[in-house]
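Shown next, in C-alpha cells, is the structure this report addresses.
The values are calculated or read from the model by the stated rules, or taken from the named source; none is laboratory data. Given the structure is predicted, the values throughout are model-derived calculations rather than measurements. Positions of Cβ are backbone-derived with ideal geometry, glycine not excepted, and every protein chain shown enters the neighbour counts. Quick note on the areas: whole protein, heavy atoms, side chains included, nothing else; ligands and nucleic acids left out. Shrake-Rupley method; radii C 1.70, N 1.55, O 1.52, S 1.80 Å.
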Amino acid sequence: MTIFKRFAKAEKGTVAITFALSIVPLLVAVGAGIDMARFSNVHNQMQLALDAGAVAAAAAKGKTDAQRVVIGEDAFKANIDKGLIATLTNKVSYKVNGSKIEGRVDATMPTTLMAVAGYTEVDVGTSTEVTIPEDKKAEIALVLDYSGSMGDVAGKEVKYIAMRNAANKLIDDVTKDNADKVKFALVPFSHNVYTSLPNSYVLGKGTSGTWTGCTQDRQHPYNLTDATPNGTDESKWGQAIAPDHAAWGCSGYKSRSLVIKPLTDNFASVKSQLAVMTPYAYTHVALGVEFGYHVLSSNAPYSEGTTYGDKGTNKYMVVLTDGEQTEPAFGPAGKRDVDQGNSNLEALCNNAKSSGITLITVAFDLDDSSQRARLKSCATDPAKNFFVASTADDVAQAFEAITSAITATAFLSK
C-alpha cells in the first residue's frame, strides 16, 4: 500500500469518527426544535383550557366558592379532550381569592429526540387570573378586513371564510345566555367603507336628507377622533380622494354587502351579513379603526352606543387584518400618504383606549413585522389582547380567547 493510499484510508476513518461525534449534538439540536414546537402547542392548549375554566368559574352565578372550583375543573377537563395535551397527567387547581378566580396547571411532557442527550421530559405549566364579573353589558364592534387578499388561502381555508366562521361562533357564544346584555356592530373595511350618513356630515351634500356611499377618512385631525362633524368642511366625510385607486368603484361595496352595521341586538342580521360579505380592493386599517371608534361612541352620526361614562357597559373593538396599510391617509397641513395612515392608526388606537374601549387585535397571515408590532401596541393589553394567526384553526383559537377575554371582564354565563 502506497503512502497515498494509507493517507486516504486514514482520512476516511477521520471523517467517520468526526461524523459520529457530530451526529449526537445534531440530533439534539433538531430534537430541541421539534420538542419546543410540541411544548409551545401544549402550552397554548393548556392556557386556553385553563382560561376557559377560570371564566366558567367566575361567570357562574349564585355559586359557593367550592362549587366555582368544581365548575372550573370540569370546564378545564372538557377543553383538553383531544390532542397531545389529553395524554398528559395534568395537575390543575382553581381557587377563589377575594373577587378573583386563580388557576394553575402543571404537567410533564415526554421528549422525542432530546432523549438522546438524556433529556427525557420537560415541565410545562401556566397560570391565569380572572375577575368575578359584575352584572354588566357589552358593546362589541367587529372591525374586519375585507380587502382583496382576504380571498386568499391560509393553510387550507380561504381567509375571510375562516374569519367569518370565527366571528359567527363568537357571536353565538357571547349571546347564548345573555342576549339582553349585548350589542354587536360590523365595520367591514378595505380602502373605503360604505355607510349611510346625514347629508350635513358629508362634504358638499347640503343640510337635509341622508347620503349613502363609500368614503375614506376625514381631514386631519378629525380623522383621529370620534367627534361629530362641527360644520366645517374639514370635519366632514367625503373628502376628495381621486385618483387613489379610482378604478375600484363604490358599487363594489354594496354588491358585496360591505356595509357598516351600527350597534344592534339583532344578532341574526349581523350573522346574515357576515354570510354574504366578500373581499374587495385595497387596505386602509386606520379607516376601519376610525369607524369602529365611531360606532362604539354615543356621538353622532352613530348614536346607538352608551356614553363612555356608563359604568354598567364595557366596550370592545375587535380588529382583524391580514395586511399592511396600502392606502394614503390625511395628515397635518393636507399631507396625505401611506405612512400617515400608519401614524393615524397608532393615534386612533391610543385615543380609543383613552375613551375606555378595550382594543383586541388579530394579525392574520401577516408577515410584515412593523404592522404586527403596530397591532400589538394597539391592543389594550398586548400580552392578552393581541393574537397572531396563520391558519383557520389559529383564528378560531384566537376568537375563543377573545370570547374568554370579553366574558372575563363583563357579565356572561357561558
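Each Lys or Arg adds one and each Asp or Glu subtracts one; over the other residues with Cβ under 15 Å from the Cβ of Lys156, this totals -4. In deg cm²/dmol, rounded to 500, what helix-only [θ] at 222 nm does the chain give when every DSSP H run of at least 4 residues adds -39500 (n - 2.57) and the total is split over its residues? Using -39500 (n - 2.57) per qualifying helix, the result is -13000 deg cm²/dmol.
With a Cα cut-off of under 15 Å and a minimum spacing of 8 residues unless on different chains, the lysine pairs in the stretch 35-179 number 6. In the complete set of protein chains, residue-level accessible area for Asp367 is approximately 130 Å², probe 1.4 angstrom. Beta bridges from DSSP with both residues in the chain: antiparallel share about 50 percent, rounded to the nearest 5. Going 7 Å from the Cα of Asp177 toward and past its Cβ, which residues in the stretch 32-71 have a backbone nitrogen under 15 Å from where you end up? Inside the label zone: 52-64, 67-71.
Once the chain from Ala227 to Thr210 is taken as fully extended at 0.36 nm per residue, the excess over their C-alpha distance is 4.2 nm.
In terms of overall dimensions, the C-alpha atoms belonging to the stretch 162-268 reach 46, 31, 26 Å along their principal axes, ordered largest to smallest. Residues whose amide H comes within less than 5 Å of that of Thr313, counting only those at least five positions distant or on another chain, are Lys137 (H built at 1.01 Å from N in the peptide plane).
The phi torsions of the stretch 179-194, fed into the Karplus equation with coefficients 6.51, -1.76 and 1.60 and a -60° offset, translate into couplings of 4, 7, 10, 10, 10, 10, 10, 10, 10, x, 9, 9, 8, 10, 10, 10 Hz, rounded to whole numbers, with Gly and Pro shown as x. Phi-derived couplings, Karplus 6.51 cos²θ - 1.76 cosθ + 1.60 at θ = phi - 60°, listed residue by residue for the stretch 101-111: 9, 10, x, 8, 9, 9, 8, 10, 10, x, 8 Hz, with x used for Gly and Pro. Surface composition of the stretch 329-414: carbon and sulfur make up 45 percent of the accessible area, probe 1.4 Å.
Note on Lys169 and Thr108: the extension gain reaches 18.7 nm, defined as 0.36 nm multiplied by sequence separation minus the Cα-Cα distance.
When peptides 56-62, 306-312, 153-159 are sorted by average Cβ neighbour count within 10 Å, with the highest value leading, the order is 56-62, 153-159, 306-312. Where a ≥ b ≥ c are the square roots of the eigenvalues of the C-alpha gyration tensor, would you call the chain rounded, which needs a/c under 1.5, or, failing that, prolate if a/b is larger than b/c, or oblate? Here the chain falls in the oblate category. Within the chain, the whole DSSP H helices whose Cα atoms reach 30 Å or more along their own axis and whose mean Kyte-Doolittle score is at least -1.0 are 3-59. Note on Ser272/Thr120: beta-carbon distance plugged into 1/(1 + (r/R0)^6) with R0 of 51 Å gives a FRET efficiency of 0.40. For Ile132, the residues whose modelled amide H falls within less than 5 Å of its own, excluding neighbours fewer than 5 places apart on the same chain, are Lys100, Ile101.
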